[in-house]
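Throughout, read-outs are computed from the coordinates displayed, never taken from laboratory work. Predicted model, so just to flag it, every value in this text is computed and none were measured. Here the Cβ positions follow ideal geometry from the backbone for every residue, glycine too, while neighbour counts run over all protein chains shown.
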Amino acid sequence: MKLALILGGLVAVLLGGLPVFAALGLFAGGLLYGVEGKLVNVGELIFGKLNTYLLVAIPLFTLMANFMVRGKVVDDLYGATNALVRHLPGGLGVATVAACTVFAAISGSSVATAITVGAAAIPQMIRHGYNPRVAYGVVGGGGTLGILIPPSGPMVLFGIVSDTSIGALFIAGIVPGLLLAAIFALWCMADARFGRYRPAVLPRATVAEMMSALRKAFWSLALPVLVLGGMYLGVFTVTEAAAAGALAALIVAAVIYRNLTLRDIWESATAAARTSAMLFLILAAAALLGHVMTKMRIPAELVELVTRLGLNQIEFLLAVMAVIFVLGMFLETISIILITTPVVLPVLTALNIDPVWYGILLTVNLELALITPPVGMNLYTIKAITRAPMAEVILGVMPYVALLLAGLGLVLAFPQIALWLPATMMNLG
Amino acid sequence: MRRFLLGFVQAAGLLTRIGSAAGALSLLLSLGLISYSVVARYVFNMPQTWVDELVGYLLVAVVMAAAADAQRVGEHISVDVLVERLPQGARKTVTAAGLAASAAVGGFLVSEGWAMVAFSRRVGEISTGHLEVPMFWPQLLVPVGGALLAVAALAGLARMAAGLVPFEPHESSADPEAGR
């Protein structure tokens, strides 16, 4: 009951339109004052949460993506995927999903994926006779892969808040990410073949065209290999992999492509610092809220409730996923991770639920949050880059909401989709 | 009165830009330090254990220094699905309330951060890592960043009072009339 009241109050405060960090911080501060009659050690709590070496991975991955976008290193990515698959039915849609999949392995952000790939793919799809709604949908849906395919900012946050191995989470995201990408691509093909609008199939690219496109996109394709390969082979920690990626992106964009000026480097750094400040102020405020909820024994009471109701793993996860799906309609992904994880964590332990499995389920659900109205960051992104009516964008992404729900159901029913690869790699190690 | 408001906006803009530069430098420095640490470990077999501790402090610097700049350009996200449906006047009120709330959180960071710094200084707290620095130095970043955030939010209110839009456009000039 207390949890429902707090969640309800929080959603109401956030819907009031205040900046999320301020709404969360003042709400949590007010609750803490109500519970304890004073504010104690809040400064230490905030400083301690921010002073975390692992968290540095997030601004560094952001910096890496900024270098690659400003240095126009990723501009040829869509050209390469286009040359490889454009002859398939719905080929440009499939190429868009493929470009999103590769960019997801660079950026760790869904919004960055949707902006970067969308800017190239949407005009091209519309020019070749695709229904605009289809183009918005494939970029909106494909863009969500940014947080499931590693590296992933939300996974880093979940890993830190829940004390789960970020490396294991990253590895666990690969198979579900590729599975969803394949499902999205199949949908594009089926829609182009059997749907109401059937865009013309484009001619197959020659081998020379394909090789030329792949050569141009070589560095975009090589950087994820460096980052993820270095991490999985144990050469780098997550933070070091982010630094190696950022440094490599800087060298490629500035030295090889010669597209990155000193001014671009500086602007990439100030933009990444601003994004990190925005994100981590929310983290600090959510940490305060988590602290208050623990003081109010809310996680403990949730464990008691689950025990009393005799819920099993699947029943509990279904209930949590339903709540997160509803929250995802109104809140953005970071707030959802930071608000729900401290509450759910003790129950995961009590029910013996693998936190890596839960982390992947959460991430797929957060992908849904990015495209479910009324609040979905990818919806806003596509509206911003196309100036299309929001209703058109929403209708476009609806098939992807259904596909992601199906993906969520698959990972829930078959945990091995997420857990097989980390288990295999650890055995190899 | 308007001149005073614009003067305050200009001074606040300068302060937040200095903060932004400090945040960007801290981030680039973190990148350099981590890269150096990897090279030192693999090439020279000399692990640099102090780097992890310093990079943690630099992250606090990135966040606390750049938070005000994010405030200046309106980059702190909010849920505006309901607010968008309000009439113009009510929307302005919500924006002003958001700025006031940000200023309040900035003030909160100043008071709580200062209490932490004072306590840390009083008991002579030293970091537990390899650097063994007095903790109040990195902890000072919290009240300083809080003060910058509060100034940036108050500058947004001052811009509204002067008839300007509350947030400055990205990479704008120092002209306080920018983004009108």
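The H on the amide N of B:Val133, modeled in the peptide plane, is under 5 Å from the matching H of B:Ser127, each at least 5 residues off or on a different chain. Within the shell defined by Cβ-Cβ distances under 12 Å, the residues around A:Gly137 carry a net charge of -1, with Lys and Arg each +1 and Asp and Glu each -1.
Compared with the dominant Cα axis of chain A, that is its longest principal axis, helix A:132-143 is turned about 60°. Fewest-first ordering of A:Trp357, B:Trp114 by other beta carbons within 10 Å of each residue's beta carbon gives B:Trp114, A:Trp357. Sorted fewest first by neighbouring Cβ atoms within 10 angstrom, B:Met64, B:Met160 come out as B:Met160, B:Met64.
When each of B:Ile126, A:Ile337 is scored by the number of other beta-carbon atoms lying within 10 Å, the sequence from fewest to most is B:Ile126, A:Ile337.
By its C-alpha gyration tensor, with a ≥ b ≥ c as the square roots of the eigenvalues, how is the protein assembly as shown shaped: rounded for a/c under 1.5, else prolate for a/b larger than b/c, else oblate? Note, shape of the protein assembly as shown comes out rounded.
A:Lys295: which lysines have alpha carbons under 20 Å from its alpha carbon, excluding same-chain residues fewer than 8 sequence positions away? Qualifying lysines at Cα under 20 Å: A:Lys2, A:Lys38, A:Lys49.
For the peptide A:21-28, the mean number of other protein chain Cβ atoms found within 10 angstrom of a residue's Cβ is 5. The HN-Hα couplings worked out from phi for region A:378-387 by the Karplus form 6.51 cos²θ - 1.76 cosθ + 1.60 (θ = phi - 60°) are 5, 4, 4, 4, 5, 4, 5, 7, 10, 6 Hz, whole numbers, x standing for Gly and Pro. Here each label is just a point 7 Å from Cα along the line to Cβ, and for A:Glu315 and B:Val43 those points are 6.0 nm apart. For every other residue with a beta carbon closer than 13 angstrom to the beta carbon of A:Ser109, add +1 if it is Lys or Arg and -1 if Asp or Glu, then tell me the sum. Net charge in that neighbourhood comes out at -2. Relative to the dominant Cα principal axis of chain B, helix B:141-161 is inclined by about 10°.
Considering only B:Gly89, B:Gln10, B:Ile34, the residue lying farthest towards the positive end of the dipole of region B:2-161 is B:Gly89, judged by Cα position with unit charges set on Cβ. Among the trypsin sites (Lys or Arg not before Pro) in region A:44-75, those placed in a DSSP loop whose Cβ has at most 14 other Cβ atoms within 10 Å are A:Lys72.
Given the DSSP H assignment, sum -39500 (n - 2.57) over each helix run of at least 4 residues in the protein assembly as shown and divide by its residue total; what's the result at 222 nm in deg cm²/dmol, nearest 500?
The helix contribution divided over the protein assembly as shown gives -25500 deg cm²/dmol.
Per residue of A:255-265, other chain Cβ atoms within 10 Å of the residue Cβ number 0 on average.
Under 5 Å from the amide H of B:Ser78 lie the amide H atoms of A:Val20, each residue being 5 or more positions distant or on a separate chain, with H modelled from the backbone and absent for Pro and chain starts.
Each residue of region B:73-78 is assigned a 3J(HN,Hα), and the resulting list reads 9, x, 8, 6, 6, 9 Hz, derived from the Karplus form 6.51 cos²θ - 1.76 cosθ + 1.60 (θ = phi - 60°), x at Gly and Pro. Using the Karplus relation 6.51 cos²θ - 1.76 cosθ + 1.60 with θ = phi - 60°, the per-residue 3J(HN,Hα) values for region B:46-54 come to 10, x, 9, 5, 6, 4, 4, 5, 5 Hz, with x marking Gly and Pro.
Rounded to the nearest 10 degrees, the angle from helix A:416-428 to the longest Cα principal axis of chain A is 90 degrees.
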